[in-house]
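The values are calculated or read from the model by the stated rules, or taken from the named source; none is laboratory data. Here the structure is a predicted model, which means the values were calculated and not measured. No Cβ is skipped: glycine too gets one built from the backbone with ideal geometry, and neighbour counts run over all protein chains shown. All accessible areas refer to the heavy atoms of the entire protein, side chains included, with ligands and DNA or RNA removed. Shrake-Rupley method; radii C 1.70, N 1.55, O 1.52, S 1.80 Å.
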Amino acid sequence: MKIILVNPSCLAESGRDLYSAHLAGPLFTIQPDKRMTLGVPLALPTLAAHTPADHSVKIVDEEIEEIDFDEPADLVGLTAMTFKAERAYEIADEFRKRGVPVVMGGIHASMCPEEVLGHVDSVVIGEAEDLWPRILADSAAGQLKRQYRAESFADLRVARIPRYDLVKNSHYLYAYLQTTRGCPFDCNFCSVTKMSGHKVRKKSPEQVIAEVDALLKESPQRQFNIIDKVTGKKKRFVGMIAFIDDNFAIDRRHALAVSSALQSYQEERGIVFTWYTQVNYMVGFDDELLTAMENASCQHLFIGFENLDPVTLQSMKKKMNKPEQYEDAIRNVHRHHMRVIFSTIIGDDNTSWQSAENLRSFIDNNHVLHVLLNVLTPYPGTSIFEEMEREGRLLTRQPQQYNIRNVVFMPKGVSHAVLREIYLSLCDTLFRYDAVYHRGKSLVGLADRFYLPPIGRMAVFLGVSYTCLYLALRHRLRCPIALRMLFALPKLILCRGSLFALELLVASADYDDFLYSETMRIGGVANIEEGRSKRAEMLIEQTIRNFSLPHAAGKKISAYRGFYIPSSLLISRGIPVPEENARRPILLLGGTSIPISDRRGFIGFLLDEGYEVASIENPIGGPLDVEINPAVERPLSLRHFVEHLKRNEQVEGIDIVAQSYSAFEVIRVLKDNLSYRSFVKSITFINPPGLNENTGFFKHIFRFLLLHLFKGYVKAAGTMLERNQPLNSGYKKGREYAKREFRGIGTWTLRSIRNMVRTLREVNDIVTFRIKEPLRVLKEEYEINVFLQSEDQVVPAYISKEQLKDILPDHHVRLVPGGHNDLFFQEWQRSAFLDFHKEIRARRRA
């Protein structure tokens, strides 16, 4: 029989995988015209080695080549991880249309055999080596069974050498080998033990060397001379190997023996092949093993740190990890001329903007060049999958979504949308060219081990320069990144001349390309606010309604609009709502010139954090609406809406958040009606006017025109030239900040002059109505708090803070950076407000 073994690619809409190497491969190997990926799945050459000699076998990797579905074949074998399963099904359908039977194995087929059987003729459950000859015999006889199940694990002591001669080795950045299988641990997010068992099975060092020897005989990679700084010897660089063990060092003696054998093999032949493998972080404290691996030319250690929170690690059943030891472990690895590949998971129950900031800071402070950022993914076969399935938290079963870059479940600690935004924000802060280059630059010297001789440096310099230009002209490398690489090449390659210098340059470009791909696939950090606003807009449109007010002083008061978004609506959208937030909305009140449409970003932020939100809006009117009087209408509207929430919506309590002038209507309503004491749980005033008793009419107008309007525009224009500085979910400085600042100031200004009669009445009210004494009275009955922004030019925060000293305790007043309307138009300080709000809630509970 003729057998074709196929590795599917990812579906195009899934974006690029972080370690696809489609850019890093051509850059590092100076092969600009080649399709490359990290490595071929080891299952394919392994099965080819177990194929009896009377059959012919071919390996096709769709990651690097097209599949010829019309090529004659008697049997097709597929292997696929979960995120490639959908494409595997498409491939199977094409071959089956042509009458070719298809058998599928691998981790996804083993965990989801019934699903897979809907697309193939036969499924293999478990390790396939021992089953493969029988499968081929059955297929040749026309008696292929629907299912084959491995009753035991393969004995690696008699494993055959994979058929590397069938692999197009020049298309892979790494050649894959394996020295052990199995893992004694049982992390809840991992399916390794379900597939390979708890018992660690090992190949002997002699077997490993035999596989290395067979691989290098087939490897066509370009070879060149390098100088080893550790030994001072000139050696021949022959390629890179990845030992894809679940934990290379789980058997310490075996790891030492293999490392020693690899060292001897290279020294005897005067060659070097660098390699990486996966270990646990405790290897960072085993100096003997680190030295042995260093001597064997190991360059990278993939380590599953997973999380910085001990509580989270306990919930993951990753009890062996001690975050307080991570820094020392990383430092020790770096000291041995090796780099850490820092694998981490977000999306656990304790994920928050603060935990994301802690992660970013840790990675930066410890100069970790390589990062694998995983969104928690409940793969079929894992205990966390079973747990989420029981709880009804799985949002999709589409296999292609299970690729560690999508949120496929309903988180507990944050909403689905917020988790995705945290992921995007971390991608932006970790994978930008600048960020990667900055982290790696500090390792230059420490990580440098293998150097190019002078003539080799010139050859690499010219080759990488040509590759950059070639890829840029074919739109595979973005031009700004190509230019930065070309600018850095002389210093890194000609002057520094180390393999690590080349790695730093290539990694910076490749990670940035991944960031760009994710930005295009999902929408970047700059679109987070837009996404929140759109979600808020949809929910507001579902719930907003017009309200009519009774007659007052013989005149019909204009109607107002209001909405209430209950927890049931949030839960239906996949946003978790803590029980304590149900039937207790935040009643968000804006100033007269900040309608609901301008509050959507802030509203969306609160909704994503699991808070019910209600809000009202009074009409601004036009130049002819001279009867509008905010001092009269707004208190009436507020009282009417609070009664509506109480009586018609069965709300049990509210937290009032009143920005700017809306503080006045809150005070007017509550000082005359103490019956709301049990209903109004807390009040937070944001930049309230009326505290400065020395402000007159013209002084307030002057402050608005000169300090807020003119100075605000000048300051925003200045930040257009600044580099973006990320902070939590948004930007504190830079173009995005400036755009929103222009919009905020412009929106407020235009709405203020739209109805000058109303605006002048509001200004008169601001300079005549004093709130200090009413606050003294209200604080005895209500939980009063004030949130101030230090750059507020309309209501200067330093004056407000001084006036509040003898009214409220210090912990009831919070001062943060920002301008008058920044909570509505900027993102970067909303987390500070939310922290303050949570403190207020906690105080009430206590």
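Determine which residues of the range 408-439 fall in the zone a paramagnetic label at residue 11 would reach in this model, i.e. backbone nitrogen under 17 Å from the point 7 Å along Cα→Cβ.
The answer is 408-409.
Sort 19-31, 773-785 for me by packing, meaning the mean count of neighbouring Cβ atoms within 10 Å per residue, highest on top. Write down the numbers at each step before the final one.
Details: 19-31: 21.0, 773-785: 17.2.
Output ranking for 19-31, 773-785: 19-31, 773-785.
Can you give me the angle between helix 353-365 and the longest principal axis of the chain, using Cα atoms only, in degrees from 0 to 90, rounded to the nearest 10?
50
Give, in nm to one decimal, the length gained when the segment between residue 799 and residue 114 is fully stretched (0.36 nm per residue of separation minus the Cα-Cα distance).
Values: separation 685, 0.36 × 685 = 246.60 nm, distance 6.96 nm.
Going from the current span to full extension adds 239.6 nm.
Could you pull the accessible area for residue 190 with a 1.4 Å probe, rounded to 10 Å²?
50
Quick one: net charge around residue 394, please, counting Lys, Arg +1 and Asp, Glu -1 for every other residue with C-beta under 13 Å from its C-beta.
Details: positive: 390, 393, 397; negative: 386, 387, 389, 391.
Net charge around residue 394: -1.
Modelling each spin label as a point 7 Å along the Cα-to-Cβ direction, I'd like the residue 572/residue 776 distance in nm, to one decimal.
5.0
Measure off 7 Å from each Cα along the Cα-to-Cβ vector at residue 234 and residue 68, then give the distance between these two points in nanometres to one decimal.
Placing both labels 7 Å beyond Cα along the Cβ direction yields 4.4 nm.
Considering only the other residues whose Cβ falls under 11 Å of the Cβ of residue 245, what net charge follows from Lys and Arg at +1 and Asp and Glu at -1?
Charge balance near residue 245 sits at +2.
Per q in 0.06, 0.07 Å⁻¹, report the Debye log10 I(q)/I(0) for the chain, using one uniform scatterer on each alpha carbon and no solvent.
For the requested q values the scattering log ratios are -0.50, -0.65.
Just the number, please: percent antiparallel of the DSSP beta bridges in the chain, rounded to the nearest 5. Don't jump to the answer; show the numbers that get you there.
Values: 23 of 91 bridges.
If we restrict to bridges inside the chain, about 25 percent are antiparallel.
If I compute solvent accessible area with a 1.4 Å probe over the protein chains, what percent of it on the range 203-351 is carbon and sulfur?
Working: 2790 of 5850 Å².
On the range 203-351, the fraction of accessible area on carbon and sulfur atoms equals 48 percent.
What part of the accessible area of the range 617-681, given as a whole %, is carbon or sulfur when the probe is 1.4 angstrom?
On the way: 1230 of 2540 Å².
It is 48 percent, rounded to a whole number.
Would you mind calculating the gained length between residue 161 and residue 252 on full extension (0.36 nm times residue separation, minus the Cα-Cα distance), in nm to one decimal?
On the way: separation 91, 0.36 × 91 = 32.76 nm, distance 2.36 nm.
Contour length minus the Cα-Cα distance gives 30.4 nm.
Keeping all protein chains in position, work out how much accessible area residue 313 exposes to a 1.4 Å probe, and write it in Å² to the nearest 10.
About 0 Å², rounded to the nearest 10.
Taking the chain as a whole, which cysteines find no other cysteine Cβ under 4.7 angstrom from their Cβ?
Those would be 10, 112, 183, 298, 427, 468, 479, 495, since no other cysteine Cβ in the chain comes under 4.7 Å of theirs.
Accessible area of residue 164, 1.4 Å probe, to the nearest 10 Å²?
We get 10 Å² for residue 164.
If each DSSP helix of 4+ residues adds -39,500 (n - 2.57) and the sum is divided by the residues in the chain, what number results at 222 nm, nearest 500 deg cm²/dmol? Provide the component values of the computation, followed by the final result.
Values: 32 runs with 355 residues, N = 846.
The helix contribution divided over the chain gives -12500 deg cm²/dmol.
Note the full-extension length gain between residue 647 and residue 149 as 0.36 nm times their separation in residues minus their Cα-Cα distance, in nm to one decimal.
Working: separation 498, 0.36 × 498 = 179.28 nm, distance 6.30 nm.
So the chain would gain 173.0 nm between residue 647 and residue 149.
Ignoring ligands, DNA and RNA, what percent of the accessible area of the range 412-466 is carbon or sulfur (1.4 Å)? Don't skip to the answer; put the middle values down first.
Numbers: 1270 of 1880 Å².
It is 67 percent, rounded to a whole number.
Note down the net charge around residue 26, summing +1 for each Lys or Arg and -1 for each Asp or Glu among other residues with Cβ under 11 Å from its Cβ. List each step's numbers first, then the result.
Values: positive: 34, 35, 474, 476; negative: 33, 510.
Value of the local net charge: +2.
Quick check for you: with a 1.4 Å probe and neighbouring chains kept, what is the accessible area per residue of the chain, in Å²?
Working: 33430 Å² over 846 residues.
Each residue of the chain exposes 40 Å² on average to a 1.4 Å probe.
What nm value, rounded to one decimal, do you get for the distance between residue 33 and residue 834 when each label is placed 7 Å out toward the C-beta?
Computed distance between label sites residue 33 and residue 834 equals 5.2 nm.
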